[in-house]
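The values are calculated or read from the model by the stated rules, or taken from the named source; none is laboratory data. In this text the structure is predicted, and so the values were computed from the model without any measurement. Here the Cβ positions follow ideal geometry from the backbone for every residue, glycine too, while neighbour counts run over all protein chains shown. SASA here: full protein model, heavy atoms, side chains in, ligands and nucleic acids out. Shrake-Rupley method; radii C 1.70, N 1.55, O 1.52, S 1.80 Å.
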Amino acid sequence: MVSTGSTDDGARSRWQDRYDRSRVRDADFTTVSGMEVQPAYGTETSEWPGEFPFTRGLYPTGYRGRTWTIRQFAGFGNAQQTNERYRMILGRGGGGLSVAFDMPTLMGRDSDDPKSLGEVGHCGVAIDSAADMEVLFDSIPLEDVTTSMTISGPAVPVFCMYLVAAERQGADLSKLNGTLQTDIFKEYIAQKEWLFGPEPHLRLIGDLMEYCAEEIPAYKPLSVSGYHIREAGSTAAQELAFTLADGFGYVELGLTRGLDVDVFGPGLSFFFDAHVDFFEEIAKFRAARRIWARWMRDVYGAKTEKAQWLRFHTQTAGVSLTAQQPYNNVVRTGIEALSAVLGGTNSLHTNALDETLALPSEQAAEIALRTQQVIMEETGVVNVADPLGGSWYVEALTDQIEAEANAIFDRILAMGGSDLTHADSQGLATATRNGENPVTKGLLRGIEDGWFMSEIAEAAFQYQTALEKGDKKIVGVNVHTDSITHDLEILRVSHEVEVDQVRELSERRTSRDDAVVKAAIQRMVEVGRTDGNMIESMLEACRVEATLGEICDALRAEWGEYREPARF
């Protein structure tokens with residue numbers, strides 16, 4: 001059955017009224033041939049863009065009001081090198097920044113930690129303290145540029161370093177806007193970059209949600225990530241369901257903290273993969289908005305549209321890139337980016353053609369940027385909101401993916417010991433008000449039992465089997481393998497980057513007041529032993545140049561390190 005949303009005969013008129021009251025860009029909204037097109041299409045009884053449950057988009061204007069943010073993910077070497085890349089991206093039309101951190105930073109370790117040897121600056125930028133953040137954003141006004149940071153385990157101390165860098169620029173912190181990933185559930189499910197057990201991580205996330213809701217209202221402290229779940233091998237429906245369930249868990253966390261869902265709800269955003277199956281991805285994005293809106297309103301009691309909206313960033317699928325015939329990756333990325341746009345993404349990163357081999361070269365990064373700009377400026381897809389709405393195939397596929405996601409929600413609820421289902425919104429709402437946290441219990445049990453990992457592994461196995469049998473095809477890999485393309489020149493990070501970073505860190509430690517640093521870290525630990533919010537004490541430690549490793553090591557000593565149970 002095709003979902004039509006609202007059946008109110010005034011649906012089109014209601015949309016028109018909202019469209020007329022909205023701001024529309026001063027732009028040419030005609031076809032290449034000069035044909036006039038309407039801002040949206042539908043029937044009197046169909047759901048229209050900007051209408052609950054927002055299947056067709058959050059805004060009545062679609063991209064006529066505002067195009068998606070071009071937010072290219074970048075980071076390599078040291079802060080100075082990455083700063084130069086950021087300024088190139090912004091100078092050539094990028095609309096925001098997205099920080100890629102190296103592996104030691106992602107694991108909360110300093111560049112001179114023995115476990116960091118050989119990894120400094122290789123998969124992202126090395127950040128050891130607030131001083132590195134200053135260099136990273138030198139000549140980039142943080143008060144004016146939205147910044148996303150992809151990091152989860154040590155997200156909170158890295159965020160504090162970002163705030164200190166903004167302070168040192170003279171920025172008004174209350175005006176900062178951006179997104180911090182912070183999503184620890186998906187680390188246990190897929191990416192495996194945690195520091196502690198779930199409970200201490202959730203405590204820090206709760207502190208961050210409180211702090212941002214009170215002090216930095218435009219900043220989004222949580223980007224719930226499905227990207228890494230999909231890259232690990234999940235299906236589209238699994239990516240959707242696992243990600244939204246993680247999001248429900250964070251809503252339950254906020255409510256447990258006594259926060260108002262209409263205040264903290266708009267601070268939750270999402271990060272999805274745009275894979276190569278064009279229509280499946282579009283349907284996934286449409287279903288995501290619909291499911292989230294219904295749960296936020298009917299289960300968690302969100303009254304405002306902003307708290308019901310699912311806003312999401314998209315990155316094209318790194319796992320779809322091939323080392324064989326790498327120029328084919330430009331085509332894959334373009335198709336994936338178009339699916340994200342037709343699915344209504346709010347911001348977008350396009351992968352570079354050489355990212356399966358190394359960090360992107362400057363030329364490859366520019367091609368990836370231009371891919372978005374060609375879609376935005378030349379194709380006309382920004383002229384009409386949800387141009388595929390009403391397509392029998394797209395609507396049926398949206399319903400099918402939603403149904404698969406709902407079945408997964410029911411499984412998660414059952415793992416948590418609940419006899420409720422997704423369809424019983426009133427029962428779920430009552431359980432939530434009673435502090436039962438039914439989704440969170442299911443998430444934690446699924447993590448403990450390895451259920452999420454086994455489901456992803458099975459999906460990945462099924463796809464790999466289909467590839468090896470030739471049922472699924474990848475051009476240049478198992479079909480059309482002849483090629484005249486030559487090897488690419490790839491970006492290589494010199495070992496000197498690590499040598500210089502370690503030397504810089506040593507000099508920084510020598511020039512600071514160690515007694516002040518140790519006292520600040522001790523105060524942070526002491527706050528952690530209470531019910532108090534840890535953000536201010538962590539900020540103080542960052543202001544006196546405590547390093548990321550020192551902060552995280554102090555918390556590891558206090559809370560212990562998490563070890564994933566062995567499974568066979």
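The protection proxy used here, the mean number of other Cβ atoms lying within 10 Å of each residue, ranks peptides 418-429, 311-322, 91-102, 393-404 as follows, highest first: 311-322, 91-102, 393-404, 418-429. Each of the peptides 190-202, 151-163, 69-81, 494-506 was scored by the mean count of other Cβ atoms within 10 Å over its residues; in descending order, highest first, they stand as 151-163, 69-81, 190-202, 494-506. Amide H to amide H distances under 5 Å link residue 125 with 76, 100, 101, 102, where only residues 5 or more positions off or on other chains count and H is placed in the peptide plane. Computed as a quarter of the hull surface, the mean projected area of the alpha carbon convex hull for region 443-554 stands at 13.6 nm². Annotation: amide H-H contacts under 5 Å for residue 562 (H modelled 1.01 Å from N, sequence separation of 5 or more, or interchain): 196, 197. Rolling a 1.4 Å probe over the protein heavy atoms gives region 274-351 an accessible area of 27 Å² per residue.
How high is the FRET efficiency between residue 529 and residue 30 when r is their beta carbon distance and R₀ equals 60 Å, given to the nearest 0.05?
That pair, residue 529 with residue 30, gives E of 0.40.
Residue-wise HN-Hα couplings along region 423-437, as the Karplus relation 6.51 cos²θ - 1.76 cosθ + 1.60 with θ = phi - 60° gives them from phi, are 6, 8, 5, 5, x, 5, 5, 5, 4, 5, 4, 7, x, 7, 6 Hz; Gly and Pro carry x. Packing around the peptides 114-121, 61-68, taken as the average count of other Cβ atoms within 10 Å per residue, puts them in this order, highest first: 61-68, 114-121.
Subtracting the Cα-Cα distance of residue 503 and residue 175 from their residue separation scaled by 0.36 nm leaves 114.6 nm. Each residue of region 106-113 is assigned a 3J(HN,Hα), and the resulting list reads 4, 9, x, 10, 6, 5, 9, 5 Hz, derived from the Karplus form 6.51 cos²θ - 1.76 cosθ + 1.60 (θ = phi - 60°), x at Gly and Pro.
Counting 0.36 nm for each residue step from residue 199 to residue 298 and taking away their Cα separation leaves a gain of 32.9 nm.
Accessible surface calculations at 1.4 Å, restricted to protein heavy atoms, place region 10-166 at 37 Å² per residue.
Taken over the chain, the convex hull of the Cα atoms encloses 160 Å³ per residue.
Residues in region 255-263 carry Karplus couplings, in order, of 5, 4, 6, x, 7, 7, 4, 6, 8 Hz; the curve used is 6.51 cos²θ - 1.76 cosθ + 1.60 with θ = phi - 60°, and Gly or Pro positions show x. Pairs of Cα atoms under 8 Å, at least six residues apart: use those to get the relative contact order of the chain, whole percent. Relative contact order of the chain: 18 percent. Once the chain from residue 391 to residue 66 is taken as fully extended at 0.36 nm per residue, the excess over their C-alpha distance is 114.6 nm.
Normalising by residue count, region 63-148 has a Cα convex hull of 94 Å³ per residue.
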